[in-house]
Amino acid sequence: MQDSNTATGQRRGFIRRVGFGRQCVLQLAIFAFTSLGFAQVSQAGMISSADARQIEQHASRSATIEAFLSRSDVAAELTRFGVSPEVVLARVDSLSDAEVAALQGRIDEQTAGGDALAVIGVVFLVLLILEVVGVTDIFKSI
Amino acid sequence: MLTSGCASYPAAGFGEYVTAVAVPETPFVPQDRYQCGPAALQTVLQRSGAAVSLPWLVERVYVPGRQGSFQVEVAAAARAAGRIPYRVDGTLEAVGRELAAGRPVLVLQNLGVAWYPRWHFAVVYALDPVRGIVSLRSGTDRERHTAVDVFLRTWARADFWGIVVLRPDELPSEPDRERWFSAVADFERVAAAAAARMAWRTTARHWPEAPMPWFGLGNVAYASGDASAAESHYRRALALDPDYAMARNNLAWALADLGRIDDAVRELERALSSPKLPAALADEIRDSRRQIGARRGP
């Protein structure tokens with residue numbers, strides 16, 4: 001196992017990179033929201049429409065990642081790295097919205113031309129997923 | 001989302017796109033100094049019939065210290081003006097479809113280069129594939145005719161960002177369902193109840209099989225203090241998808257407000273017993289059950 005502090009630091013660095021735009025957006029949204037001054041007051045415990053969209057998007061993006069992880073070529077690649085697909089699947093559940101969105105975007109990008117995926121594409125995505133879920137910190141050495 | 005850094009766009013001109021289309025009625029709002037965001041936004045808002053003044057928009061969109069406005073502020077200001085901003089696909093076909101529907105498209109361009117960006121908002125009002133021209137209201141130019149390849153390069157460097165603004169009774173042409181649902185949900189947060197209700201009703205008519213618009217209508221009714229209307233909307237959503245746990249959660253709150261605590265708790269139990277309940281929601285629903293159960297009193 002890697003030194004966990006280094007791995008966490010590395011992972012945070014990744015989150016910061018993919019998360020920056022989002023944070024910026026969030027701050028601006030809060031600014032815009034508060035400056036308009038007609039926020040609807042809602043019961044705590046109620047799920048707002050905007051929250052519902054976030055939850056649904058997160059779920060559908062996670063499903064894309066899970067479908068990708070269940071491909072046989074991907075599973076083979078994971079095994080080659082000595083990681084069981086189940087371990088990775090379990091960790092996908094705990095990823096942040098930004099991480100899931102980033103991964104799903106990358107998978108869509110690589111698979112845009114159809115289901116056929118070059119070996120290099122599979123390896124790249126597998127490495128990226130392992131990095132994001134914190135199983136390896138292989139990109140540290142690049 | 002990750003962007004692929006410096007996009008090199010293979011300029012392919014209009015490609016397959018052949019339809020000349022224009023919205024000559026597009027208003028012209030010349031910009032002052034750095035105010036391209038407010039000016040471009042006022043252009044599309046005016047075209048859509050929303051009356052807002054430039055100073056009102058400048059206050060919301062233009063942040064002097066940054067000399068430019070971010071896309072999110074433009075979208076937020078459109079919502080505040082009672083319109084729904086919708087991100088169009090980054091293709092000339094998508095722009096052409098909106099123009100054909102009479103809606104000019106607000107676009108972000110990077111007139112600099114990737115490592116030294118110069119952001120600029122402008123409004124596409126015409127496409128002419130025969131002459132290879134994209135026409136814009138841009139800055140102080142009423143008619144800026146740009147070669148299509150030049151336009152595509154500047155647009156690509158801004159990640160093909162472009163929006164149309166829609167009245168609550170309109171839909172984009174060939175809307176992406178998920179993107180539109182999010183656009184309406186974001187609109188609902190700040191819109192007047194009547195406008196939010198109309199937007200969800202319009203959406204429900206277009207996607208009669210989708211529970212989300214009824215969930216949205218329920219939320220609007222609940223926020224306006226009409227728990228019994230909210231109840232019937234949530235039930236409509238649940239008739240379309242009995243496993244729609246979020247609607248069941250909110251239905252329980254509406255029932256609780258109507259004094260039907262036992263019914264409310266029963267709905268939450270049902271949501272919790274569904275095998276399709278997403279893990280992320282289970283805690284939320286258990287929390288609702290605890291809070292609503294506590295209303296039973298001693």
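Quick notes on this structure:
- Approximating the spin labels as points 7 Å out from Cα along Cα→Cβ, the residue B:169-to-residue B:194 distance works out to 1.2 nm.
- For the stretch B:74-150, applying the loop criterion from DSSP together with a ceiling of 13 other beta carbons within 10 Å to the trypsin sites (Lys or Arg not before Pro) yields B:118, B:131.
- Residues B:261, B:285, B:163 arranged by fewest to most Cβ contacts within 10 Å: B:261, B:285, B:163
- Chain B: angle of helix B:193-206 to the longest principal axis, Cα-based, in degrees nearest 10: 80 degrees
- Sequence of A:96, B:138, B:53 once ranked by neighbouring C-beta atoms within 10 Å, starting from the fewest: B:53, A:96, B:138
- Spacing of the two label points (7 Å from each Cα toward its C-beta) at residue B:176 and residue B:286, in nm: 3.6 nm
- Calculated [θ] (222 nm, deg cm²/dmol) that DSSP helices of n ≥ 4 give over chain B, each run adding -39,500 (n - 2.57): -15000 deg cm²/dmol
- The mean count of C-beta atoms from other chains within 10 Å of the C-beta of residues in A:49-62, rounded to a whole number, is 6.
- Axis of helix B:177-190 versus longest Cα principal axis of chain B: the two differ by about 80°, to the nearest ten degrees.
- In the stretch B:256-298, trypsin sites (Lys or Arg not before Pro) in a DSSP loop with at most 12 other beta-carbon atoms within 10 Å: B:276, B:295, B:296
- FRET efficiency, residue A:91 to residue B:224 (Cβ-Cβ, R0 56 Å, nearest 0.05): 0.85
- Crossing angle, helix B:227-240 versus chain B [Cα axis fit, 0-90 degrees, rounded to tens]: 80 degrees
- Test item: A:63-71 mean partner chain Cβ contacts at 10 Å: 0
- Residue order for A:58, B:206, fewest other beta carbons within 10 angstrom first, comes to B:206, A:58.
- Using the Cβ-Cβ distance between residue B:100 and residue A:108 with R0 = 35 Å, the FRET efficiency computed as 1/(1 + (r/R0)^6) comes to roughly 0.80.
- Part-to-part distance (alpha-carbon centres) for the stretch B:154-177 and the stretch B:88-129, which is given in Å: 10 Å
- The label-point distance for residue A:54 and residue B:147, in a model that sets each label 7 Å from Cα toward Cβ, rounds to 4.6 nm.
All of the numbers you see were taken from the coordinates with simple rules; none came from a lab. Not measured: the values here are computed from a predicted model. Virtual Cβ from ideal backbone geometry, glycine too; neighbours counted across all protein chains shown.
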